[in-house]
1. Identify, please: which residue in the range 16-49 is among the charged types (D, E, K, R) and outside any helix (DSSP H, G or I) and is, among those, modelled with the lowest pLDDT?
2. Within the range 50-64, take every residue that is among the charged types (D, E, K, R) and either loosely packed, with under 10 Cβ neighbours inside 10 Å or outside any helix (DSSP H, G or I) (or both) and give me the one that is modelled with the highest pLDDT.
3. Considering only the range 114-134, state which residues are among the small types (Gly, Ala, Ser) and surrounded by 11 or more Cβ atoms within 10 Å (Cβ to Cβ).
4. Just to be sure I understand the filter: pairs with C-beta atoms under 8 Å, separated by 6 or more residues or on different chains, first member in the range 173-190 and within 19 Å of Asp116 (Cα to Cα), second member assigned to a helix (DSSP H, G or I). Which pairs pass?
5. If you check Leu85, Leu113, Leu120, which single one turns out to be over 26 Å from Leu175 (Cβ atoms), assigned to a helix (DSSP H, G or I) and aliphatic (A, V, I, L, M)?
6. Would you be able to tell me the number of residues in the range 175-197 that are farther than 29 Å from Ile125 by Cβ and among the polar types (S, T, N, Q)?
7. Quick one: would you say Ala137 is surrounded by 10 or more Cβ atoms within 10 Å (Cβ to Cβ), in a helix (DSSP H, G or I) and out of contact with any Pro (no Cβ under 8 Å at 6 or more places or on another chain)?
8. Picking from Ser75, Ser111, which residue would you name as being more than 17 Å from Asn43 (Cβ to Cβ), outside the structural domain of Thr41 (by TED's automatic domain parsing) and either of a type outside the set (Val, Ile, Thr) or exposed (fewer than 11 other Cβ atoms within 10 Å of the Cβ) (or both)?
Amino acid sequence: MNDSHPQRRNRLLFAGLFWVISSVWVMGCADRKIEGAVVATINEYRLTINEFETQLAQELEMDPEYKLTQEAKESFLNQLVRKELLVQEAIKMKLDRRDRFIRAIERYWQSTLIRDLLELKGEEIERQTYISEEEIADRYHHMKAEDENLPPVEALRQEITQRLKEEKKTEKLKLWIDALQKQAKIEISRELLHEKK
């Protein structure tokens, strides 16, 4: 493998990693009956009651207006069956090996990694972020200057504290990302970027 093509090498490594994960997932599917009773079998795929309930719980969490009835459970199971059939058909047609599919997986993988990283860093920053009485008083003073009918500071203390904390967290996160960029070795070809085609 030629080191002069790092992007190609990374994509091949990613594709290899994807196939390893897929293989582990497929092998895990064969042993699903160990994890719980099977609520549905779709060709070689076995959907356990535990998996079904986990996916149903996620659906309920995403849609608070979802009304859970016996009919709704049947309908949701039917959706999962149809989805699995379509996935199996796509794999049979080798659509999972196409570049477009691999790129889509790579984008999802990257965005999930970034989301998890920012959540983790955000939690770390939050633990180290505090608001002083002087900061609260100063913010209240500025708010009062814009609105003379503002309630007393005690009535707004929690709101002001939360707003200041979010502002500090956002600023600290931005500074952290800026520092990462400064420390990194980045080379950009402006000529290539602005080349007319």
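1. So, considering only residues that are among the charged types (D, E, K, R) and outside any helix (DSSP H, G or I), the one modelled with the lowest pLDDT is Asp31.
2. Glu61
3. Gly122
4. What qualifies is Leu173/Leu118; Leu173/Lys121; Leu173/Gly122; Leu173/Ile125; Trp176/Lys121; Trp176/Ile125.
5. Leu85
6. Final tally of qualifying residues: 1.
7. yes
8. That would be Ser111, the only listed residue that is more than 17 Å from Asn43 (Cβ to Cβ), outside the structural domain of Thr41 (by TED's automatic domain parsing) and either of a type outside the set (Val, Ile, Thr) or exposed (fewer than 11 other Cβ atoms within 10 Å of the Cβ) (or both).
The values are calculated or read from the model by the stated rules, or taken from the named source; none is laboratory data. No experiment lies behind these values; they were computed from the predicted model shown. Every residue, glycine among them, receives a Cβ derived from its backbone with ideal geometry; neighbour counts consider all protein chains shown.
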